[in-house]
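A short worksheet on the structure shown next.
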Protein chains: 2
Amino acid sequence: MAANILLVEDEPGIQELLKLNLGQAGHQVTAAEDAEGALRYLKTTLPDVILLDWMLPGMSGIDLCRRLRADKRYQPVPIIMLTARGEEQDRVTGLDTGADDYITKPFSPRELVARIRAVLRRRAPQMTEEPVEMAGLRLDPTSHRVSANGKPIDLGPTEFRLLHFFMTHPERVYSRSQLLDQVWGDDVFVEERTVDVHIRRLRLALEASAHDGMVQTVRGAGYRFSVQR
Amino acid sequence: MAANILLVEDEPGIQELLKLNLGQAGHQVTAAEDAEGALRYLKTTLPDVILLDWMLPGMSGIDLCRRLRADKRYQPVPIIMLTARGEEQDRVTGLDTGADDYITKPFSPRELVARIRAVLRRRAPQMTEEPVEMAGLRLDPTSHRVSANGKPIDLGPTEFRLLHFFMTHPERVYSRSQLLDQVWGDDVFVEERTVDVHIRRLRLALEASAHDGMVQTVRGAGYRFSVQR
DNA sequence: CGCCAAAGTGACAGCTTTGTTACAAGCCGA
DNA sequence: TCGGCTTGTAACAAAGCTGTCACTTTGGCG
């Protein structure tokens, strides 16, 4: 889960510290001292995450955040705001302007790393709210409906999420533990074998409408959702 | 996902309980009663995970944790702290000193096992494998598929790994023991002749799609994967 | 040609992984 | 609170993989 990170922080000490810590966590860090520097960098490179200090000389972090969010090009880049203690009320403003997370100084490097991982994960699987359709199978996240060639299919919540994940990540094997992370959430502690059972339930539901064979077992590796074969 | 675990816990009852539970989960557990014992063990062996009790006689768990984190050699080993209820505020300290996770007693064995799995997974390098293709033979690690000129080939896990290794290291002879190291893992104890058998199985699978002759025997040396006949 | 070591082959028992079913606990709306 | 779903787990069955062995074939060499 290594990532390119743009750090916008004017205080040299903190900047160094963060670069060190994030570097150790396997991330690539580029630092900018102010909003202008950040924008200059962004013209050429799109980082995976932006760490944005609230207090900056010149254009403030919040303004930069707002500006980035207004720009289509930077829409998908997660932004984490760094705020000092006592600026708590800023949190609302911060999240309001489009930051994905915020963290209050002083914070432990661990926590920051964890939050970075969290926003990356949140963004990573592009499980959009868009309807997905393939091979006559249609899943609409908004209305929470699944249908095969027009005929509705009944799915429980878990099977629904499972199918949604599969349809947005087809043709690729996922291990049970990956599926637990992605579909159940990585803070849920259930047996890996539970996945098997839900796979079966999903298969049963799909079979009923002649969509069998799409959920495939890859022995020793996991499961794959596929239109082929 | 079996792992070598170093358990640092002074209370015999809990120690026994954990050894039992983790053992059942397929892990290898070594226990130390105090920081000194742990350090002694670490001099010779590097575990996959360290479970560290907060309260220890002599050097406290937190000090040991800090000390380990300061030592380059132990940097990559995940540490999970075991804390008693009511030491909640220690959490921050714990994570601050470099623990990867913490768990509050009393906890269910299941939860502990899950957290161990989580830290292991988090550390595991996310190797994004590129598809390999040569002479009409295509192997895609992500979808875990092999095909010859479009036609799918069925391979068991071992044959898949074997072919993957061969395709990423073509035109070169590997001895049986090298192949065991690379494909089976260097901690596996199997007869060298086992390689022969899997070579044969791989050949059979490839023959079926007219890709015979690619796995070549080099008498007295080993095997080679080659496009040339 | 005859011998010996190396490699090929087929069978198989044991083991691991996965499928399937049943069941109890939890949740939620009626 | 009562039923009907959903969920997680356990237990057992089925299927597939693996490692090893015994036996055969091949290749090299005197």
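For B:ASP196, B:ASP212, the ranking by accessible surface with the largest value first comes to B:ASP212, B:ASP196, using a 1.4 Å probe.
Relative to the longest principal axis of the Cα atoms of chain B, helix B:157-168 runs at roughly 70 degrees. Across the copies of the chain, A:ASN4 has label points (7 Å from Cα along Cα→Cβ) spaced 3.8 nm apart, shortest distance listed first. Relative to the other identical copies, B:GLU192 shows label-point distances of 3.3 nm, where the label point lies 7 Å from Cα along the Cβ direction and values run shortest first.
Neighbouring Cβ atoms from other chains, within 10 Å of the Cβ of residues in A:215-223, number 3 on average. For chain B, the longest principal axis of the C-alpha atoms and the axis of helix B:61-70 are separated by about 50°. The gain in end-to-end length when the B:GLU192 to B:ASN4 segment is fully stretched comes to 65.1 nm, 0.36 nm per residue minus the alpha carbon separation. Applying the criteria of a DSSP loop state and at most 15 other Cβ atoms within 10 Å to the trypsin sites (Lys or Arg not before Pro) of the range A:189-228 yields A:ARG219. Modelled spin labels at B:ARG110 and A:ILE14, positioned 7 Å past Cα toward Cβ, are 4.3 nm from each other. Rounded to the nearest 20 debye, the dipole size of the range B:132-225 about its Cα centre is 240 debye, using +1 on the Cβ of Lys and Arg and -1 on the Cβ of Asp and Glu. When only the Cβ of Lys, Arg, Asp and Glu is charged (+1, +1, -1, -1), the dipole of the range B:1-67 relative to its Cα centre reaches about 300 debye.
The values are calculated or read from the model by the stated rules, or taken from the named source; none is laboratory data. What you are looking at is a predicted structure, and each value in this text was computed from that prediction instead of being measured. All Cβ positions, even for glycine, are placed from backbone atoms using ideal geometry, and neighbour counts span all protein chains on display. Only protein heavy atoms, including side chains, enter the accessible area calculation; ligands, DNA and RNA are left aside. Shrake-Rupley method; radii C 1.70, N 1.55, O 1.52, S 1.80 Å.
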